[in-house]
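To start, the structure itself, in structure tokens.
The values are calculated or read from the model by the stated rules, or taken from the named source; none is laboratory data. Model, not experiment: these values are computed from the prediction. Reconstructed Cβ throughout: ideal geometry from the backbone, glycine too, with neighbour counts over all protein chains shown. Note: areas computed on protein heavy atoms with side chains; ligands, DNA, RNA excluded. Shrake-Rupley method; radii C 1.70, N 1.55, O 1.52, S 1.80 Å.
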Amino acid sequence: MSSAIRLESVTKRFGELTAVSELSLDVPPGSFLGLLGRNGAGKSTLIKMITGLMNPSSGTIQVLGEAVSARALEIKRRIGVMPEGTALLEGLTGPQYLRFIGCLHSLPDETIDERRRELFNILELEPGERTLIADYSYGMQKKIALCAALLHGPELVLLDEPFEGIDPISVRVVKDMLLGLSRKGTTLVLTSHALDLIETLCPVIAIIEKGKLVASGSVEELKTKHGDDMSLEDVFLKLMGGAKRDGELSW
């Protein structure tokens, strides 16, 4: 069976800066992968390369059995992406934006409207028919970005910090939604700094530091390797060299 994502010795350089270095990773279909790393570790750069928004400096990337370098447009039709930030067309209303996204994926108008209503209902998103996305709260914009990523029923979904800025009740709703997609066989890749959420959601973890893969495997495998009594947070901190204890200000 082809991998949902296969990275082989992927490197991305920006001038003298190496954001991703010789990274190899295999994500089987139907996986729910938690991608972890501190700020600047290379997570968002990696997602941009997987989605074809950025080319690697070297190495190969296959997504859904296709080489991204050769089939980027076809792959984009089969995946859903919730990027870092929101990256929305803020001059549109929420329904207008989702109609635009649906049309890009050649969905019938009736399907777009039906799915949009269902997503809005589940996420309790009621912005007002004439309210522009520019006037939404940040949490509402995150929800619209999630709706856009899921609207066309993608085989693979990549979510960059989906829980950032949304309230605790919405966090629970989004968790249940993602778990439901996982049970149906959708492959999901999730980045988040909320390690407790990652631990409850993602059976498989990949941790990168300074653009390099430093650990991967199931949560149980990582705990067994680094200490059975550890939480995922403990494992992460150990791999990062621990947390500084001298953070007290001098004033």
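The table below lists the values:
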{"quantity": "Close pairs (7 angstrom Cβ cut-off, 6 or more residues apart or separate chains): in contact (Cβ under 8 Å) with a residue 12 or more places away in the chain in the stretch 104-117, part of a helix (DSSP H, G or I) and open to solvent by 50 Å² or more (accessible area, probe 1.4 Å) anywhere", "calculated": "His105/Arg77; Ile112/Arg99"}
{"quantity": "Residue that is farthest from Ala215 (Cα to Cα), among those in the stretch 30-40 that are open to solvent by less than 60 Å² (accessible area, probe 1.4 Å) and not hydroxyl-bearing (Ser, Thr, Tyr)", "calculated": "Gly30"}
{"quantity": "Output for the stretch 126-142, where each listed residue is among the hydrophobic types (A, V, I, L, M, F, W, C) and in a helix (DSSP H, G or I)", "calculated": "Ile133, Ala134, Met140"}
{"quantity": "Any chance Leu188 is farther than 23 Å from Gln96 by Cα, under 17 Å from the mean Cα position of the chain (by Cα) and either part of a helix (DSSP H, G or I) or not basic (Lys, Arg) (or both)", "calculated": "yes"}
{"quantity": "Test: residue in the stretch 11-18 that is open to solvent by less than 20 Å² (accessible area, probe 1.4 Å), part of a strand (DSSP E or B) and either out of contact with any Ser or Thr (no Cβ under 8 Å at 6 or more places or on another chain) or more than 17 Å from Asp160 (Cβ to Cβ) (or both)", "calculated": "yes"}
{"quantity": "Criterion violated by Ala4 - all others in (1) open to solvent by 40 Å² or more (accessible area, probe 1.4 Å); (2) small (Gly, Ala, Ser); (3) more than 14 Å from Glu161 (Cα to Cα) satisfied", "calculated": "(1)"}
{"quantity": "Residue that is nearest to the chain's Cα centre (by Cα), among those in the stretch 10-52 that are farther than 21 Å from Leu239 by Cα and of a type in the set (Gly, Ala, Ser)", "calculated": "Ser31"}
{"quantity": "Subset tally (residues that are in a helix (DSSP H, G or I), small (Gly, Ala, Ser) and surrounded by 14 or more Cβ atoms within 10 Å (Cβ to Cβ)) for the stretch 64-90", "calculated": "1"}
{"quantity": "Every pair of residues 6+ apart whose Cβ atoms lie under 7 Å, when the first sits in the stretch 225-236 and is of a type in the set (A, V, I, L, M) while the second is outside any loop (DSSP other than H, G, I, E, B) and open to solvent by 30 Å² or more (accessible area, probe 1.4 Å)", "calculated": "Met230/Lys223; Leu232/Glu199; Val235/Lys223; Val235/His226"}
{"quantity": "Contacts under 8 angstrom Cβ, first residue in the stretch 121-133 being within 11 Å of Gln96 (Cα to Cα), partner open to solvent by 60 Å² or more (accessible area, probe 1.4 Å) and of a type in the set (Asp, Glu), 6 or more apart", "calculated": "Leu132/Glu90; Ile133/Glu90"}
{"quantity": "Answer from Ser170, Ser137, Ser231, Ser182 - the residue that is under 30 Å from Val68 (Cβ atoms) and hydroxyl-bearing (Ser, Thr, Tyr)", "calculated": "Ser182"}
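Conditions tested, residue by residue: (1) out of contact with any His (no Cβ under 9 Å at 6 or more places or on another chain); (2) outside any helix (DSSP H, G or I); (3) open to solvent by 10 Å² or more (accessible area, probe 1.4 Å).
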{"position": "Ile144", "(1), (2), (3)": "yes, no, no"}
{"position": "Cys147", "(1), (2), (3)": "yes, no, no"}
{"position": "Leu159", "(1), (2), (3)": "yes, yes, no"}
{"position": "Glu164", "(1), (2), (3)": "no, yes, yes"}
{"position": "Ile169", "(1), (2), (3)": "yes, no, yes"}
{"position": "Arg172", "(1), (2), (3)": "yes, no, yes"}
